[in-house]
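A.B. asks: Below you'll find the structure I mean.
The values are calculated or read from the model by the stated rules, or taken from the named source; none is laboratory data. Note that the structure is predicted; figures quoted are calculated from it, not measured. As a convention, Cβ positions derive from the backbone with ideal geometry for all residues, glycine included, and neighbour counts pool all protein chains shown.
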Amino acid sequence: MAYALQQLINGLTLGAMYGLIAIGYTMVYGIIGMINFAHGDIFMVSAFIAITAFTLLAAADVTSIPLALTFVLVVAIFFTSAYGWAVERTAYRPLRGSTRLAPLISAIGMSIFLQNAVQLTQGARVKPIPPVLEGGVVLWDAPGFAVQIGWSQLLIIVTTVVLMIAFTWMITQTPFGRQQRACEQDRTMAGLLGVNVDRTISLTFMLGAALAAVAGVMVTVYYGVVDFFIGFLAGIKAFTAAVLGGIGSLPGAMLGGLLIGLIEAFWAAYLWAEYKDVATFSILCLVLMLRPSGLLGRPEVEKV
Amino acid sequence: MKKTLLATACFALGSLSTAVLADLTVAIAGPMTGQYASAGDQIRKGAEMAIADINARGGVLGEKLKLEVGDDACDPKQAVSVANTMVNRKIVFMHGHWCSSSTIPASEVYNEADILMATVSTNPQVTERGLDNIFRIMGRDDQQGMVAGSYIAEAFAGKKVAVVDDKSAYGKGLADEIAKAMEAKGMKPTLREAITAGERDYSGLVTRLKQAGVEVMAYGGYHTEVALILRQAQQAGLQLTVMGGDTMTNSELVTAAGPAADNVMFTFSPDPRKNPDAAPVVEKFRAAKVEPEGYVLYAYAAMQLFEQAATAAGSVDYAALEKAMRGGSFDTVIGNLAFDAKGDQQAPGFVVYRWQGGQYDYAQ
Amino acid sequence: MSAIVFAHHSMTPAERLRDAGWVAFVGLVLGIPLIGLTTVDVGGRLAVDTRFGLLAVFVAAAFSGRLALRWALDRLRTRKLARDRTSTATAADRARGAQRAVNLLGWIALGAAVALPIFYSDNRYVVDTATTVLIYVMLGWGLNVVVGLAGLLDLGYVAFYAVGAYAYALLSTQFGWSFWEALPVAGAIAAGFGILLGYPILRLRGDYLAIVTLGFGEIIRVILVNWTELSGGPNGIGSIPRPSFFGLEFARRAPEGEQTFAGFFGLEFSAMHRIIFLYYLILVLALLTHVFVSRLRKLPVGRAWEALREDEIACKAMGMNTTHIKLSAFAIGAMLGGFAGVFFAARQGFISPESFTFTESAIILAIVVLGGMGSQMGVVLAATLLVLIPEFGRNFAEYRMLLFGMAMVLIMVWKPGGLLAHREPTLRLKPLDTAARGREGAR
Amino acid sequence: MTTLLSVRNLTMRFGGLTAIDDLSLEVPAGRITGIIGPNGAGKTTLFNCLTGFYKPTFGTLRLAHPRRGEIRLEALASHRVARDAQVVRTFQNIRLFPKMTVLENLIVAQHNVLQRASRFSLAGLLGLPGYRRAERHAIERAAMWLERLKLEALADHAAGDLPYGIQRRIEIARALCVEPVLLCLDEPAAGLNPRESAELNELLLYLCRELGMTILLIEHDMSVVMNVSDHIGVINYGRKIAEGPPDKVKHDPHVIKAYLGEDDEVGEIEGVAP
């Protein structure tokens, strides 16, 4: 029981992280209907920015953790959004309106490019920082097994929940959200009605990147170790999460992320850890067979 | 159907390959890009220094050495491509590849082209295929696993031990050998697990270890994962001692795992840095701001091996060189090298080390 | 004339400078965290190192690069406009011209491919790289059936390649089958997997299909890594027999009672014999694939694939069983992938799961899309490019994959429809030549 | 006058929404039957039920096939409706295969015949005479329809590049290549100019009168419906509100009310206005 609870906490943390990255996929998909394969690498870039920022702070002898976290978050969000913007501007915008596959290939190329650019500029070595948030609370001291939630785990879960609420509010209540949804439904029409489509799409990419930046900072705080390869697996898992939840749906991305985190945690806890990915993908297949648009996706009515 | 493009490409490449024939060309190959690029980096630094030193002594048989660097990114297909490139560049000696899964297919290409190679790949298969051109200057996983397994069975008797690997050819091979050696000594692993390298979250594994009351984890795989596991174990309040293989020599482990790295033990050949004969070379590396850890000195030694074998043979012809290498005994920075019929290093001797405050040293 | 040509918007020098300045600014922002700052390991701890000189070079390069690019683009556009105005060629003429050029290119390429080993008979690297190109060409043609013709986005194509490779590896090492015996069986097994994958995802469309196929590829790979008893796990399978030349082995010494290729023909043994034989073998396999796929395209099933890509609902309304059409596309694509896998295993002599990662799928897909969906010649062109870019890049060592990624983006942005986007109809009511003659007569 | 298709108590619900409510209708053989009704009345839903794209919640659709006897359409999947029952449709928002040529579009429509002749592509791959003959026949048939619909000059053009009015005609030609027993046209005049519309009238009359084809026609353009239909069914809110020859329907008070309702777009609905 204690063991299961601990695995639940692990799964939730992992799932929250997947969810944060998945929202980036889902927002971009919603607005221009493409899979932004480079999103995982944007996340990786943000983790590197966070490492640099943390190291700078350590050099400046900043010891206040809240202050440090805020600074790193702001820095990471700023630069990562710039990356999100630049990627969209160079690799995707020229391809808008062409076939569905062209931006996909361009995105794969971008992903390879970013990975190698980071490797070249920052080195292939693993980048570690000393633990930022150590320790945690013991939730339940069961005999022989203490269930514990680390501060950094708590931070991840809380941040994710807060961001989720903020984003839902933004998409449903603000003028930007309205424009964003308008572009999702019909880009041409939105343009005709005076929505600046290019700007809205750019902003969407920047927001997605900003969320990836938050995830990047969280990863740095939680794992303390970053290398140029982390974007790949995280990207694939988050993409899976976005599809599982129904690509294009914000709550879906979050739900998908949590589900995948939990599936991985519990499958690895009770069954064969090495077949964890097989389980994840099989469940995805099953869900899609029953609900071809994912869990919370709008079912595509076959318009005849 | 094909390639006007390729035709032009071929001309370009053809001219390239003839351009480099002036000196004796030797090569290294390994993962210069990709996930394991830091190992490739070590190899290159070691080899570059060795070539510089050899050339400063006047080269081999009066000719200067020239170094070619091949990048296989630990991908078997690219490894074959690299091997072909190297054959075309008429190299006389290859130090590499690094990943066993690259070394195995590439060695067949070198074998057909009559090129000698010295590798640090530890998979037994590397020398078990009856190829006469391959020499291993490192121990084998089975020897390594045996040393680690017996050590665990003796030093941690009565404790619960988990055996974990990362599903790579190297990691799984090592972990299997460790488990076998432990069982031979009458100790059964409490858990036998596998993880996926490249992931970041091992909290599931850590929780499982904690649940099972495991205190010692024997690990087959690379240092990055060990650092993550240790950090996450610490966070979960689990005191874990890790026993790993030669990959744990990488100082990244210490930077990444922090103080928890003091709980890492591993097997490795006797430390070349402790070799008194190597002291000047070690100093030289440190002066050049390169810590001669891991594979740096092995790469250096491989080049020394070539230098001495060629000098002994008086030629760089394959047959003569092969005979010299198989029969000879060579003094290198990693100690004395001599090979058995398969090409394995005689008396490789693994020792158990422990990290301590950022340095590793023999475990008591 | 020139007045008309320059009527389109052209930038003033001030605008150009401002534009380049903006790009340089973006370069600066992007460059600060990755180029300007870097972390280095100082005795077990990280410290920040600055490289502002490098950053300045980068920003300057961005500025001047942008200026040059704009200038070049404007020049190109002006020229193109001028050409369009002077040229009176009709769309039909242009299509015919394109078709002729592609045909010509095809024959030249075929000639080059046949002649290549003759000119490079002692250059192992060239022949081997050409063999790799041909493997990708074959994979591209196989995936072209699924993605280019049937329009089903498949991100897990490498699974079938793996199935073919492992099928041959197991059949040959465990049961002693020869290459030629195993080839059709392995193809059939791969086709079976294609149908296996096809069934559950019949209802899925577009990107949902993409993620499930991606998942399928990963599942196959994870199983290969973990099912050690079958696949050798991460160690892979080694010592896979090479194909023989009608029973003649390519070896230095023949086994008891057999002859080697070199011995039979009275040649001196050379490792190149096998390399060249393998090259011609894959050339023949690739050509057969080409003939097979081109013929299929002109058959009802091929037209049905294309119709499926164009409009699935209309297909149903025409009484076509879309289930069968999709499954046949998956099965045939998988079979061709399986053949390529068999050859790959036979050529490498050693296979392990590391050869069958998602990146491989992505590259094969990139070949199909970069080449121009559905275009057979486009696949050849794209495969050649994508194999040769990293090979050339070897001279640039660590920059090579960077260049590769950049090239993928640039080609796509430059030609979003692919390098050869022209589609040749499967049949014509009036053959082109007679149509042309008719018009010329009318003039 | 024999009945080709009889619709009995057809009901189609989507969740809470009832798109078709207990609709019964007879389609006489060899005639043109028009279905009219205001937007959202359920006309296209009726077509979708008929051609297997929707499974009706309730009701029967019996087709008296001249050679195969009675066929229950509601039990068939969409492709079988076209293949086995030979009920073929066009779409309101044209669904051609845009990148394929006009001729290819028409050959694809003969897929089932050709596929059988190609014997799982084997005969086709080998180029056996049986398949070649079948292919020649298919091209001849396509050429015949192209000629009759005055499209032969465009045969080798990509269908998607052609003007809207021509695409409509191609879609009809493609449907004709399936050899329909019942041809269902979903707003074939939508988006056509008056001249094209008149040509369409001629074409429909030609198909029906000269070739004896049965046509079921959904249309908004009253000039087409009233001029060519032998028989008209009017539906509104999923129910049939009137049925009969054009003249009778034109003066039916229910129809006038459904069409005119409270607002006064009298002039718009030419032919219905009294």
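A.B. asks: Sort out which residues of the range B:146-178 are under 20 Å from B:Trp98 (Cα atoms) and not charged (D, E, K, R), and write them in order of number.
C.D. replies: Listed by number, the residues that qualify are B:Ser168, B:Ala169, B:Tyr170, B:Gly171, B:Gly173, B:Leu174, B:Ala175.
A.B. asks: Okay, next question. Output the residues belonging to the range B:75-113 that are modelled with pLDDT of 80 or more, in a loop (DSSP other than H, G, I, E, B) and either at the interface with another protein chain (Cβ under 9 Å from one of its Cβ atoms) or at negative phi (or both).
C.D. replies: B:Arg89, B:Ile91, B:Val92, B:His97, B:Trp98, B:Cys99, B:Ala113
A.B. asks: In addition: Out of all the residues in the range D:143-178, which are more than 18 Å from D:Phe97 (Cβ to Cβ) and either under 12 Å from the mean Cα position of the chain (by Cα) or of a type in the set (Lys, Arg) (or both)?
C.D. replies: Of everything in the range D:143-178, those that are more than 18 Å from D:Phe97 (Cβ to Cβ) and either under 12 Å from the mean Cα position of the chain (by Cα) or of a type in the set (Lys, Arg) (or both) turn out to be D:Arg148, D:Lys150.
A.B. asks: For the range D:86-202, give me every one of the helices (runs of 4 or more DSSP H) that falls completely inside it and has 1 or more residues that are touching a residue at least 24 places away in the same chain (Cβ under 8 Å) and within 8 Å of another protein chain (Cβ to nearest Cβ).
C.D. replies: Numbers: elements: D:102-108, D:111-117, D:122-126, D:129-148, D:164-177.
Ranges flagged: D:102-108, D:111-117, D:129-148, D:164-177.
A.B. asks: Against the conditions (1) in a helix (DSSP H, G or I); (2) under 26 Å from C:Val225 (Cβ atoms); (3) within 14 Å of chain A (Cβ to nearest Cβ); (4) free of Cβ contacts under 8 Å to residues at least 40 places away in the same chain, where does B:Lys210 fall short? Just the number, please.
C.D. replies: (2)
A.B. asks: Residues being surrounded by 15 or more Cβ atoms within 10 Å (Cβ to Cβ) and at the interface with chain B (Cβ under 9 Å from one of its Cβ atoms): count how many of those fall in the range A:134-150. Step through it out loud before you land on a result.
C.D. replies: At the first step, the residues of the range A:134-150 found to be surrounded by 15 or more Cβ atoms within 10 Å (Cβ to Cβ) are A:136, A:145-150.
Narrowing the set further to residues that are at the interface with chain B (Cβ under 9 Å from one of its Cβ atoms) leaves A:136, A:145-146, A:148, A:150.
Here the count works out to 5.
A.B. asks: Now for a different question. What is the one condition in (1) without any contact (Cβ under 8 Å) to a residue 24 or more places away in the chain; (2) more than 25 Å from C:Ile201 (Cα to Cα); (3) surrounded by fewer than 23 Cβ atoms within 10 Å (Cβ to Cβ) that A:Tyr223 does not satisfy?
C.D. replies: The single condition A:Tyr223 does not satisfy is (3).
A.B. asks: Of the residues in the range C:1-50, how many are modelled with pLDDT of 80 or more, surrounded by 14 or more Cβ atoms within 10 Å (Cβ to Cβ) and acidic (Asp, Glu)?
C.D. replies: Within the range C:1-50, residues that are modelled with pLDDT of 80 or more, surrounded by 14 or more Cβ atoms within 10 Å (Cβ to Cβ) and acidic (Asp, Glu) number 1.
A.B. asks: List the number of the failed condition for B:Tyr170; all other conditions in (1) buried (at least 22 other Cβ atoms within 10 Å of the Cβ); (2) away from chain A (no Cβ under 12 Å); (3) outside any helix (DSSP H, G or I) hold.
C.D. replies: Against the list (1) buried (at least 22 other Cβ atoms within 10 Å of the Cβ); (2) away from chain A (no Cβ under 12 Å); (3) outside any helix (DSSP H, G or I), B:Tyr170 comes up short only on (3).
A.B. asks: Looking at C:Ile223, C:Ile201, which is the one that is under 30 Å from B:Asn123 (Cβ atoms) and not charged (D, E, K, R)?
C.D. replies: Details: C:Ile201 fails: under 30 Å from B:Asn123 (Cβ atoms).
That would be C:Ile223, the only listed residue that is under 30 Å from B:Asn123 (Cβ atoms) and not charged (D, E, K, R).
A.B. asks: Still on this model: So how many residues does the range B:238-290 have that are crowded, with 19+ Cβ neighbours inside 10 Å, small (Gly, Ala, Ser) and either more than 17 Å from B:Gln356 (Cβ to Cβ) or within 14 Å of chain A (Cβ to nearest Cβ) (or both)?
C.D. replies: Going through the range B:238-290 one residue at a time, the tally reaches 9.
A.B. asks: Sort through C:Phe58, C:Phe63 and tell me the only one that's surrounded by 18 or more Cβ atoms within 10 Å (Cβ to Cβ), within 12 Å of chain A (Cβ to nearest Cβ) and part of a helix (DSSP H, G or I). Reasoning before the result, please.
C.D. replies: Numbers: C:Phe63 fails: within 12 Å of chain A (Cβ to nearest Cβ).
The match here is C:Phe58.
A.B. asks: Oh, and also: Restricting the search to the range D:1-24, which residues are touching a residue at least 40 places away in the same chain (Cβ under 8 Å), surrounded by fewer than 20 Cβ atoms within 10 Å (Cβ to Cβ) and not acidic (Asp, Glu)?
C.D. replies: As a first pass, look at the range D:1-24 and keep what is touching a residue at least 40 places away in the same chain (Cβ under 8 Å): D:2-13, D:18-24.
Checking the rest, the ones that are also surrounded by fewer than 20 Cβ atoms within 10 Å (Cβ to Cβ) come to D:2-3, D:6, D:8-9, D:11, D:13, D:18, D:21-22, D:24.
Correct list: D:Thr2, D:Thr3, D:Ser6, D:Arg8, D:Asn9, D:Thr11, D:Arg13, D:Thr18, D:Ser24.
A.B. asks: Follow-up. For A:Ile129, state whether it is over 16 Å from A:Ala38 (Cβ atoms), of a type in the set (Val, Ile, Thr) and at pLDDT 85 or above.
C.D. replies: Values: over 16 Å from A:Ala38 (Cβ atoms): yes; of a type in the set (Val, Ile, Thr): yes; at pLDDT 85 or above: no.
The answer is no for A:Ile129.
A.B. asks: Would you mind telling me which numbered condition in (1) touching a residue at least 24 places away in the same chain (Cβ under 8 Å); (2) under 26 Å from C:Thr129 (Cα atoms); (3) surrounded by fewer than 24 Cβ atoms within 10 Å (Cβ to Cβ) B:Asn111 fails?
C.D. replies: (1)
Results for (1) more than 17 Å from C:Gly378 (Cα to Cα); (2) free of Cβ contacts under 8 Å to residues at least 12 places away in the same chain; (3) buried (at least 16 other Cβ atoms within 10 Å of the Cβ); (4) within 14 Å of chain B (Cβ to nearest Cβ), shown as yes or no for each residue.
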position	(1), (2), (3), (4)
C:Thr78	yes, no, no, no
C:Ala98	no, no, no, no
C:Gly106	no, no, yes, yes
C:Ala109	no, no, yes, yes
C:Pro117	yes, no, yes, yes
C:Ile135	no, no, yes, yes
C:Met138	no, no, yes, yes
C:Val145	no, no, yes, no
C:Trp180	yes, no, no, no
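A.B. asks: Residues B:Glu307, B:Glu291: which one is of a type in the set (Asp, Glu) and either assigned to a helix (DSSP H, G or I) or over 28 Å from C:Val42 (Cβ atoms) (or both)?
C.D. replies: Working: B:Glu291 fails: either assigned to a helix (DSSP H, G or I) or over 28 Å from C:Val42 (Cβ atoms) (or both).
Going through B:Glu307, B:Glu291 in turn, the sole match is B:Glu307.
A.B. asks: Same structure again: Quick test for you: out of C:Gly215, C:Gly194, C:Gly187, C:Gly206, pick the one residue that is within 14 Å of C:Phe358 (Cα to Cα) and under 22 Å from the mean Cα position of the chain (by Cα). Before the answer, list the steps.
C.D. replies: Working: C:Gly194 fails: within 14 Å of C:Phe358 (Cα to Cα); C:Gly187 fails: within 14 Å of C:Phe358 (Cα to Cα); C:Gly206 fails: within 14 Å of C:Phe358 (Cα to Cα).
So the residue among C:Gly215, C:Gly194, C:Gly187, C:Gly206 that is within 14 Å of C:Phe358 (Cα to Cα) and under 22 Å from the mean Cα position of the chain (by Cα) is C:Gly215.
A.B. asks: Give the range C:306-321 a look and list any residue that's within 7 Å of chain D (Cβ to nearest Cβ) and in contact (Cβ under 8 Å) with a residue 24 or more places away in the chain, or say none.
C.D. replies: Initial filter on the range C:306-321 (within 7 Å of chain D (Cβ to nearest Cβ)): C:306-307, C:310-311, C:313-314, C:316-321.
Result: C:Glu306, C:Glu310.
A.B. asks: Next up: Would it be correct to say that A:Phe232 is at negative phi and in contact with an Asp or Glu (Cβ under 9 Å, 6 or more places away or on another chain)?
C.D. replies: Numbers: at negative phi: yes; in contact with an Asp or Glu (Cβ under 9 Å, 6 or more places away or on another chain): yes.
So A:Phe232 passes the test.
A.B. asks: Let me ask something additional. Taking the range A:90-102, which residues are at the interface with chain C (Cβ under 8 Å from one of its Cβ atoms) and either crowded, with 24+ Cβ neighbours inside 10 Å or part of a helix (DSSP H, G or I) (or both)?
C.D. replies: The first filter runs over the range A:90-102 and keeps only residues at the interface with chain C (Cβ under 8 Å from one of its Cβ atoms), leaving A:90-91, A:94-95, A:98-102.
The answer is A:Thr90, A:Ala91, A:Pro94, A:Leu95, A:Leu101, A:Ala102.
A.B. asks: Any residue in the range C:164-176 that is in contact (Cβ under 8 Å) with a residue 40 or more places away in the chain, assigned by TED's automatic domain parsing to the domain that holds C:Glu360 and under 19 Å from A:Val278 (Cβ atoms)? Steps first, answer last, please.
C.D. replies: Looking only at the range C:164-176, we keep the residues that are in contact (Cβ under 8 Å) with a residue 40 or more places away in the chain, and these are C:164-170, C:172-173.
From what is left, the residues that are assigned by TED's automatic domain parsing to the domain that holds C:Glu360 are C:164-170, C:172-173.
Subsequent filtering for residues that are under 19 Å from A:Val278 (Cβ atoms) retains C:166.
The answer is yes; a qualifying residue exists.
A.B. asks: Exactly one of these conditions fails for C:Gly53: (1) surrounded by fewer than 20 Cβ atoms within 10 Å (Cβ to Cβ); (2) under 36 Å from the mean Cα position of the chain (by Cα). Give me its number.
C.D. replies: (2)
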